[in-house]
Amino acid sequence: MGESSINFAKASSAALQDQQLRGNFRRAMDGLMSKRAVQFADTAEWNGVRALGASVRLRALSKLPELLEKLEANCTRNGIQVHWAATTDEANAIVLSIMQRVNAKLVVKGKSMVSEEMHLNAFLEKRGIECLESDLGEYIVQLDEAMPSHIIMPAIHMNTKQIAHLFKQKIKEAEYTEDVAQLTDLARRVLRKKFATADVGVSGVNMAVAETGTLCLVENEGNGRMSTTVPPVHIAVMGLEKVVEKLEDVPPVISLLTRSATAQPITTYVNMISSPRKEGEKDGPDEIHLVILDNGRSGIYADEELRNTLRCIRCGACMNHCPVYTKVGGHAYQAPYPGPIGSILMPQVEGLEKRGELPHACTMCNACVEICPVKIPIVEIMGRLRSEAVHPGDAVRGAGSHASKAEAMVWKGWSMTYASPLAYQFATALLAKLGNAAPTSLPLLKEWTNVRTKPRFANRTLHALAREKGIPDV
Amino acid sequence: MSESRNAILGKLRAGRDAHPLTPPESDFAVLRNKRWDGAERLERIKRMMEAVHTEFLETTEADWPADVQAFLTAQGTRNLLFGPATEVGARLSSAWTDGGPELIPYADRVETFKERLFDGIDAGITTTLGAIADTGSLIVWPTPEEPRLMSLVPHMHLALLRADALYDTFWQAMTENRWADGMPTNALLISGPSKTADIEQTLAYGVHGPKRLVVVIVR
Ligand code: SF4
């Protein structure tokens with residue numbers, strides 16, 4: 001068995017023991033699921049907009065290289081400077097060089113999952129640049145020196161009491177309160193000062209429009225608008241799959257995104273940015289940089305089936321509906337993207353050696369596929385990655401790294417037994433006689449029986465019973 | 001870093017050409033068919049926006065400056081940021097009477113009054129390009145005369161909405177007005193005051209942007 005440097009099984013067992021955490025997640029996920037269902041109560045509308053959303057994403061993928069070139073050309077024409085990064089190291093270096101040129105000391109960040117993927121905060125802080133998260137959830141997680149546990153609601157694993165204690169402990173002017181309005185107001189006061197004085201604003205991108213060279217951001221708090229409007233320099237980071245062809249492709253995707261993510265018909269702000277401050281304009285950044293990140297995505301794109309991973313609009317609905325995620329929470333995945341999408345994306349981005357365990361964090365129940373607003377066949381991809389992990393090949397980095405002789409032998413034996421009626425009869429008859437006597441501590445059996453009771457074998461096989469009733473073997 | 005650019009694009013091209021992808025047609029009928037009658041549109045906009053704590057002030061073309069002043073005075077608002085070079089700004093300053101909240105013009109680059117903007121301004125007033133019935137959203141395109149931060153930094157945002165500038169969907173607004181032919185520096189949809197649910201899913205208003213959004217409906 002290949003070494004897995006990240007242990008989901010262990011982390012999830014620990015998470016399952018944490019009753020506080022389970023309660024926090026259960027409450028939040030139940031609320032999200034029922035509210036989302038209300039948003040999509042009109043089945044015909046859901047089917048229509050979902051098909052449209054999926055077609056928009058597929059059309060974008062079908063022309064991905066051309067659309068990225070068009071995006072670059074239109075952004076450049078609008079005055080947005082475009083940079084390309086093959087790896088997260090390269091993306092970090094690009095961001096750093098911009099910051100050094102403008103002598104940046106303080107950066108405010110809007111929520112960006114790609115910047116989590118880049119570990120940008122840690123990277124900049126090591127180089128003496130203060131990097132402040134301004135989305136309230138991200139701010140909480142940053143104060144707690146933790147990782148986001150959900151891609152939409154980063155601090156979903158904490159309850160009000162825990163956040164109240166954290167604020168009291170970490171923010172100088174804080175008085176202890178469990179009043180959410182007061183806690184929010186405190187964050188408002190602290191961060192306002194930072195927005196006003198920050199040298200650079202960093203944001204993600206929900207969608208980039210090739211046709212017009214426009215960056216679209218959705219948010220509720222106004223921190224995204226602050227980060228992209230107040231500081232003199234704005235740096236936007238995006239995964240290369242985030243492009244759409246036309247401006248009219250934006251409304252259906254936003255509608256699917258906000259309803260799936262937080263059950264809102266729309267977020268408070270839809271922020272569409274097409275250029276830095278122009279001659280005569282009184283505010284807005286003087287420079288905008290767009291960093292387009294690959295980080296393994298072009299490899300994913302090369303495979304016809306795995307490519308579907310890149311349709312994702314990062315709504316997080318698959319997490320909210322996943323029987324595994326909702327029990328163990330986001331931290332057990334130890335990845336910027338947890339839940340079903342994380343379980344298929346992380347192994348492809350970081351390789352199966354490191355992340356080969358994640359496609360197994362799945363019961364194959366298909367709940368995620370049913371609610372995915374852009375119809376990603378998540379479970380099929382999960383199965384494909386399980387298979388890639390044990391078969392050497394070049395579609396995914398680390399393919400074959402989890403190959404095990406014992407497992408291969410079991411499967412071989414299983415398929416031989418099922419291919420031969422004689423072997424099958426023999427095997428089932430043997431199990432009917434001896435199955436109940438086999439100790440639960442047998443090496444392979446133990447994997448199953450240490451968390452489940454061993455099934456009882458009937459002492460006559462189904463075939464034998466059928467024969468008795470006069471039904472012949474075929 | 002054009003080396004990476006070419007490598008990335010080359011890889012994408014090779015990947016796609018080896019396995020081309022035929023996407024299904026994009027059928028926008030689901031958006032095209034979303035329609036509401038004239039009166040229904042405004043009702044729906046109000047209902048949806050009120051559900052997220054937006055306030056409404058009904059007024060007329062003749063009376064709106066006086067009504068805005070009366071409203072702000074009643075709220076105890078100390079001052080109002082406005083764009084002096086717009087038609088609306090001219091109306092406002094000529095109709096404003098003594099004793100009301102102080103009118104503060106956004107006349108210079110933000111750098112000249114950033115501190116005051118972030119610390120001393122209670123309200124800001126902007127125009128809108130209309131509103132959207134489907135989602136209950138205002139369409140706001142900031143301009144040099146009506147800059148971006150006016151609708152973001154002051155604690156209260158007043159937005160003038162002409163009662164006849166209503167659309168069914170975001171898609172209808174952008175396609176009918178051919179936005180794709182020329183996008184402004186910044187185009188916004190605003191659907192309520194700033195809010196968050198990041199603390200245990202409890203909704204709180206006024207996190208980083210305005211705490212209050214007041215839509216002034218002008219008939
Ligand atoms: S995989 Fe689908 S459901 Fe999951 S985050 Fe992406 S778009 Fe949403």
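Here are the numbers for this structure:
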{"quantity": "FRET E, pair B:Ala180, A:Asn366, Förster distance 45 Å, beta-carbon r, rounded to 0.05", "calculated": "0.75"}
{"quantity": "Fluctuation leader among B:Leu203, B:Leu166, B:Leu158 - chain B, Gaussian network, Cα springs under 10 angstrom", "calculated": "B:Leu203"}
{"quantity": "Tilt relative to chain B, helix B:64-75 - C-alpha long axis, 0 to 90 degrees, to 10", "calculated": "80 degrees"}
{"quantity": "FRET efficiency, A:Asp30 to B:Ala14 (Cβ-Cβ, R0 35 Å, nearest 0.05)", "calculated": "0.15"}
{"quantity": "Order of A:Asp283, A:Asp473, A:Asp199, B:Asp98 under a 10 Å beta carbon neighbour criterion, fewest first", "calculated": "B:Asp98, A:Asp473, A:Asp199, A:Asp283"}
{"quantity": "A:Gln81 paired with B:Glu111, simple spin-label distance in nm, labels 7 Å along Cα-to-beta-carbon", "calculated": "1.7 nm"}
{"quantity": "Likely footprinting exposure, A:Val95, A:Val237, A:Val38, A:Val205, fewest C-beta neighbours within 10 Å first", "calculated": "A:Val38, A:Val205, A:Val95, A:Val237"}
{"quantity": "Between helix B:2-18 and chain B: long-axis angle, C-alpha atoms, 0 to 90°, nearest 10", "calculated": "60 degrees"}
{"quantity": "Inter-site label distance for A:Ala11 and A:Leu445 at 7 Å from Cα along Cβ, in nm", "calculated": "3.4 nm"}
{"quantity": "Residue with peak Gaussian network fluctuation, chain B [Cα springs, cutoff 10 Å], from B:Met174, B:Met150, B:Met49", "calculated": "B:Met174"}
{"quantity": "Peptide ranges A:169-181, A:395-407 listed from the most packed, as the mean C-beta count within 10 angstrom indicates", "calculated": "A:395-407, A:169-181"}
{"quantity": "Distance in nm between pseudo-label sites at A:Ser387 and A:Arg460 (7 Å out along the Cβ direction from Cα)", "calculated": "3.9 nm"}
{"quantity": "Mean shadow area of chain A, taken as a quarter of the surface of its Cα convex hull (nm²)", "calculated": "26.9 nm²"}
{"quantity": "At least 27 Å along the helix axis (C-alpha) and Kyte average at least 0.0, DSSP helices within chain A", "calculated": "A:43-62"}
{"quantity": "Length added when fully stretched, A:Lys469-A:Trp411, from 0.36 nm per residue minus Cα-Cα", "calculated": "17.6 nm"}
{"quantity": "Share, in percent, of DSSP beta bridges within segment A:40-295 that are antiparallel, nearest 5", "calculated": "25 percent"}
{"quantity": "Mean shadow area of chain B over all directions, Cα convex hull, nm²", "calculated": "17.5 nm²"}
{"quantity": "Unit charges on C-beta of K, R, D, E only; dipole of the protein assembly as shown, Debye", "calculated": "2400 debye"}
{"quantity": "Angle in degrees between helix B:38-50 and the longest Cα principal axis of chain B, rounded to the nearest 10", "calculated": "80 degrees"}
{"quantity": "Antiparallel DSSP beta bridges within chain A, percent to nearest 5", "calculated": "25 percent"}
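Readers should treat all values here as calculations from the given coordinates under stated rules, not as data from a laboratory. Just so it is clear, the model here is predicted, and its values are computed rather than measured. Note that we place each Cβ from the backbone using ideal geometry, even for glycine, and neighbour counts take in every protein chain shown.
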